[in-house]
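The values are calculated or read from the model by the stated rules, or taken from the named source; none is laboratory data. Fair warning: this is a prediction, and the values are worked out from it, not measured in the lab. Positions of Cβ are backbone-derived with ideal geometry, glycine not excepted, and every protein chain shown enters the neighbour counts.
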Amino acid sequence: MILNNVQLVGGDKPVSIRVSDGKIAQVSDVPLSGKSAAQLIFTNAIIFPGLINSHDHLDFNLFPQLGNKTYNSYTEWGKYIHENYPAEIAACLKIPVALREQWGIYKNLLCGVTTIVNHGNRKGLANQLITVFEKKQDLHSVRLEKDWKKRLNNPLKLNLPAVIHIGEGTNANAHDEIDELIRWNILRRKLIGVHGVAMSPAQARAFKALIWCPQSNYFLLNKTAPVSHLKKYTPILFGTDSTLTGHWDIWEHIRTARKTGLLTDDELYQSLSTTPAAIWKLNSGAIEEGRDADLVVARATKPNSMDSFYNTTPEDLLLVMHQGNIRLFDETLYHQLSDIPRATYQKVYSSGSIKYVQGDLHLLLNEIRQYKADVHFPVYLPSEPAA
């Protein structure tokens, strides 16, 4: 397939990209053609690598945001929601985990995420439309996982990075637990921290990377990690956490991050692309020949391509490609895509736009509603009234 007339984010002129066998085969400054290759011609569009969401809980994305005040730590928040929202929690947990995980996949896909680093043991995922990264060991936290020291120092896991919620608070305990984790990392495992709100630059040196989840941090703690300082000592990746503590749409999280000014535009962009690709050892995250063809094309809504990127919404997405396979496309491309099996895609509406999504999203939404009829989804089906 050839994608013609798209502007690279950060670039100032259009390029054309040839995709073959799931890889980026050519990036050209001039239009490409080929008799045997399907072609898409875009107008006023940007292209960027499929987003890498380095922290999500796929099975927690049917929950509403729970909490109504500022907390000192994740432990205080956890205790509070279990005491004050037991009915809401029980209602969501009645939905089979396989359905909740599959919705978590679609939630990310609808936003242009092509790789998710899921925190926790997946239980029911199959027929993945995008990459769910698993070459890691997940630990929950120092305070809430009884056997974390034993699991951290398991010699059979030495070759895997250990991913753990850490420093998610504003009190002394949140800072001290980071020191405790570092002290007990006897086998010198590669640590990847999540949140790090209470992390100091000296502590950051002990981590292979920190996953920044600003919207979740502000919702719980009204404060976020000092990544403007921490970035000098450890790479910064980007994550959303789940809808328990943040918006379903990763672009809302990205704009929250941009408003803080804690990372430059380039650094924030890299936290979603090249930096996590390097940390997780992925062959994606950049638009270069030989890389996996994880690509997103979106409408250019601003004169500057970087501003367009940060202004993107799910409705602006024109194409989401994962390893060379089209997973989502906008209705404006329908007639250009006559060479693909369009019957394998389903139509959904989103804030006035029409998208075609691969897989049986209609069945999934209807199955979820059998367990919880009042679930609100950000998309609606052709048979339903507008949301």
Q) List pairs: first in the range 325-347 and farther than 25 Å from Pro49 by Cβ, second of a type in the set (Phe, Trp, Tyr) and crowded, with 16+ Cβ neighbours inside 10 Å, Cβ under 6 Å, 6+ apart or cross-chain? A) Lys347/Tyr356
Q: Scan (1) surrounded by fewer than 17 Cβ atoms within 10 Å (Cβ to Cβ); (2) assigned to a loop (DSSP other than H, G, I, E, B); (3) at pLDDT below 95 for the single condition Ala98 breaks and write down its number.
A: (2)
Q) Is one or more of the residues making up the range 154-161 closer than 28 Å to Asn68 by Cα and polar (S, T, N, Q)? A) no
Q: Return yes or no: is Gly290 surrounded by 23 or more Cβ atoms within 10 Å (Cβ to Cβ) and assigned to a loop (DSSP other than H, G, I, E, B)?
A: no
Q: State whether one or more residues within the range 179-197 are under 17 Å from Leu230 (Cβ atoms), of a type in the set (Asp, Glu), in the same structural domain as Lys231 (by TED's automatic domain parsing) and in contact with a helix residue (DSSP H, G or I) (Cβ under 6 Å, 6 or more places away or on another chain).
A: no
Q) Of the residues that make up the range 47-58, is at least one under 22 Å from the mean Cα position of the chain (by Cα) and in a helix (DSSP H, G or I)? A) yes
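Just checking, which of Leu263, Leu237, Leu272 is of a type in the set (A, V, I, L, M, F, W, C), assigned by TED's automatic domain parsing to the domain that holds Gln215, buried (at least 22 other Cβ atoms within 10 Å of the Cβ) and more than 23 Å from Ile17 (Cβ to Cβ)?
Exactly one residue qualifies, and that residue is Leu237.
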(Q) If I filter the range 309-345 down to residues being of a type in the set (Ser, Thr, Tyr) and part of a loop (DSSP other than H, G, I, E, B), which single residue comes out as farthest from Pro378 (Cα to Cα)? (A) Ser338
Q) Where residues in the range 240-252 are more than 16 Å from Asp59 (Cβ to Cβ) and of a type in the set (D, E, K, R), which of them is surrounded by the most Cβ atoms within 10 Å (Cβ to Cβ)? A) Asp249
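If I go through the range 20-51 residue by residue, how many of them are touching a residue at least 60 places away in the same chain (Cβ under 8 Å) and farther than 26 Å from Lys302 by Cβ?
Of the residues in that region, 8 qualify.
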(Q) Among the residues of the range 348-387, what is the count of those that are among the polar types (S, T, N, Q), without any contact (Cβ under 8 Å) to a residue 12 or more places away in the chain and not in a loop (DSSP other than H, G, I, E, B)? (A) 2
Q.
The conditions are (1) surrounded by 24 or more Cβ atoms within 10 Å (Cβ to Cβ); (2) more than 29 Å from Leu40 (Cα to Cα), and Arg255 fails exactly one of them. Which is it?
A. (1)
Q: Quick one: Leu160 ticks every box in (1) more than 22 Å from the chain's Cα centre (by Cα); (2) of a type outside the set (Ser, Thr, Tyr); (3) surrounded by fewer than 19 Cβ atoms within 10 Å (Cβ to Cβ) except a single one, so which number is it?
A: (1)
Q | Some residue of the range 207-222 being under 15 Å from the mean Cα position of the chain (by Cα) and without any contact (Cβ under 8 Å) to a residue 12 or more places away in the chain | A | no
Q. For the range 320-344, which residues satisfy the criterion of being among the aliphatic types (A, V, I, L, M), modelled with pLDDT of 95 or more and more than 17 Å from the chain's Cα centre (by Cα)?
A. Ile326, Leu333
(Q) Based on this model, can you work out whether Tyr80 counts as of a type in the set (Phe, Trp, Tyr) and buried (at least 21 other Cβ atoms within 10 Å of the Cβ)? (A) no
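Could we say that Arg183 is assigned to a helix (DSSP H, G or I) and within 27 Å of Pro155 (Cα to Cα) here?
yes
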(Q) Is it the case, given these coordinates, that Trp103 is aromatic (Phe, Trp, Tyr), modelled with pLDDT of 95 or more and under 22 Å from Val379 (Cα atoms)? (A) yes
